[in-house]
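Below is one structure, written out as C-alpha cells; the observations come after it.
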Amino acid sequence: MNEQDFVAVLWAAAALRAPCVGEKGRGPNLPSLPFQLLCFRPPERKRFYQNVSISQGEGGFEINLDHRKLKTPQAKLFTVPSEALAIAVATEWDSQKDTIKFYTMHLTTLCNTALDNPTQRNKGQLIRAAVKFLETDTLCFRVEEPAALAELQKKEWDPIVAWAEKRYNVAIGSSTSIMGPNIPASTRDIFISHLASYNMWALQGIEYVITQLKSLILSMGLIDRHITVEKAVLLSRLEEEYQIQRWGNVEWAHDYDLCELRARAAAGTLFVHLCSESSTVKHKLLQD
C-alpha cells in the first residue's frame with residue numbers, strides 16, 4: 001500500500017468514526033465496508049509534508065501537501081467549492097504538528113463526506129433526514145421530575161423553541177410523554193422548504209450539527225446566528241449539566257466531552273456558512 005492509499009484509509013476511518021461491535025453509539029449504515037475498517041481506530045501518524053497550499057482547478061479549489069494533491073477516501077480529487085473553505089481545510093492540515101491527528105480535522109471529514117457521499121443520499125433524502133430529527137428533538141422532550149430540572153428546562157428551552165416558532169412561523173411545542181409532541185405536518189413542510197434553499201454541501205454540514213446537538217431547533221438557532229456555539233452546546237447538555245451540578249464532575253472526562261462537542265458544533269456551523277458563500281479571498285498560499 002502506497003502512502004496516498006494509506007492516508008485514504010485513515011481518512012475513511014476518521015470520517016466514519018463507526019462503533020465496533022458491542023460498542024455503544026450510532027454509526028452510518030455502511031454494510032459494504034469490511035469489518036476491519038468499521039472497527040479501525042486511526043492512529044496518529046507522523047507528519048509527512050512540509051508545506052500546505054491551495055490552488056484553483058477546474059472543479060474548484062484544491063489542497064496541496066507539498067506537491068501532492070489531497071484526495072478523498074474514495075480516491076477522488078479533494079476539491080471544495082469556495083476559497084474560504086479551502087483555506088480553512090488547509091489550515092487544519094497546516095496546524096498538525098509532528099503527528100497528524102485525523103480525529104481533530106472536522107472540516108476535512110465533512111468535505112470527504114460531501115465529496116464521496118458514502119451513504120449515496122440525494123438532496124431530498126438529506127433534507128428528510130434532518131427534518132425527521134424533530135420527532136426526537138432534545139428540546140421537545142421534557143421531564144416532570146425532579147421539579148428543579150423541569151423548571152430549568154422550561155426556563156432555558158422555552159425561549160429558543162419560541163424563537164424557532166416565530167422565526168419559521170411554525171408550531172412545535174413540547175411534551176412530557178415518551179412519544180414526544182405531535183409535530184404538525186405543516187411544520188415539517190416549512191422546514192423542508194427552508195432546508196431546500198441550501199446546497200448539498202451545506203446540508204451535509206447541517207445534518208452533522210444536528211447529530212451533534214441532537215436538535216434541529218438548536219442547530220437552526222446556531223446556523224442563523226441566534227445563539228452562540230457555547231450556548232447551543234450548553235442547552236443540548238442541559239440535563240447532564242444539571243446532574244454535574246448536583247453530583248459533581250468526573251475529573252477530565254466531562255470537560256473533554258464538552259470541548260469536543262463545542263469543536264464539532266463549531267466546525268459544522270462554519271462548514272455550512274463557508275459552503276453557502278460565494279466570496280473569495282486574496283491569498284492562496286499558507287506558507288511564508
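The values are calculated or read from the model by the stated rules, or taken from the named source; none is laboratory data. As the structure is a prediction and not an experimental result, all values here were calculated from the model. Glycine gets a Cβ as well: all are built from the backbone with ideal geometry, and neighbour counts include every protein chain shown. When the accessible area is computed, the model is the full protein with side chains, heavy atoms only, and any ligands, DNA or RNA have been set aside. Shrake-Rupley method; radii C 1.70, N 1.55, O 1.52, S 1.80 Å.
For region 199-210, state whether one or more residues are of a type in the set (Gly, Ala, Ser) and within 23 Å of Leu85 (Cβ to Cβ).
Restricting attention to region 199-210, the residues satisfying the condition of being of a type in the set (Gly, Ala, Ser) are 202, 205.
So of that shortlist, the ones also within 23 Å of Leu85 (Cβ to Cβ) come out as 202, 205.
Within region 199-210, one or more residues are of a type in the set (Gly, Ala, Ser) and within 23 Å of Leu85 (Cβ to Cβ).
If I ask for residues that are surrounded by fewer than 17 Cβ atoms within 10 Å (Cβ to Cβ) and touching a helix residue (DSSP H, G or I) at 6+ places or on another chain (Cβ under 6 Å), which ones from region 172-195 would you list?
The initial filter retains those residues of region 172-195 that are surrounded by fewer than 17 Cβ atoms within 10 Å (Cβ to Cβ), namely 173, 175-179, 182, 184-186, 188-190, 192-194.
Once the filter is applied, which keeps residues that are surrounded by fewer than 17 Cβ atoms within 10 Å (Cβ to Cβ) and touching a helix residue (DSSP H, G or I) at 6+ places or on another chain (Cβ under 6 Å), region 172-195 yields Arg188, Ile190, Ile192.
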*Find the residue count for region 104-130, including only residues that are in a helix (DSSP H, G or I), open to solvent by 20 Å² or more (accessible area, probe 1.4 Å) and of a type in the set (D, E, K, R).*
2
_Any pair with Cβ under 7 angstrom, 6 or more apart, that starts in region 141-168 at a residue that is of a type in the set (A, V, I, L, M, F, W, C) and ends at one that is open to solvent by 80 Å² or more (accessible area, probe 1.4 Å) and in a helix (DSSP H, G or I)_ = Leu149/Glu239
*Identify, please: which residue in region 79-94 is open to solvent by less than 10 Å² (accessible area, probe 1.4 Å) and of a type in the set (A, V, I, L, M) and is, among those, farthest from Asp116 (Cα to Cα)?*
Ala90
*List the pairs whose first member sits in region 169-193 and is part of a loop (DSSP other than H, G, I, E, B), whose second member is among the charged types (D, E, K, R), and whose Cβ atoms are under 6 Å apart, counting only residues at least 6 apart or on separate chains?*
Ile172/Glu165; Ser174/Arg142; Thr176/Arg142; Thr176/Glu144
*How do the helices (runs of 4 or more DSSP H) wholly within region 196-262 filter down when requiring 2 or more residues that are out of contact with any strand residue (DSSP E or B) (no Cβ under 9 Å at 6 or more places or on another chain), touching a residue at least 60 places away in the same chain (Cβ under 8 Å) and surrounded by 21 or more Cβ atoms within 10 Å (Cβ to Cβ): which remain?*
200-213, 216-223, 229-236
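Within region 61-78, count every residue that is open to solvent by 10 Å² or more (accessible area, probe 1.4 Å) and out of contact with any Lys or Arg (no Cβ under 9 Å at 6 or more places or on another chain). Spell out how you get there, then give the answer.
Step one: list which residues in region 61-78 are open to solvent by 10 Å² or more (accessible area, probe 1.4 Å), which gives 61-62, 64, 66-69, 71, 73-77.
Right, trim to out of contact with any Lys or Arg (no Cβ under 9 Å at 6 or more places or on another chain) and you get 64, 66-69, 71, 73-76.
Selection size over region 61-78: 10.
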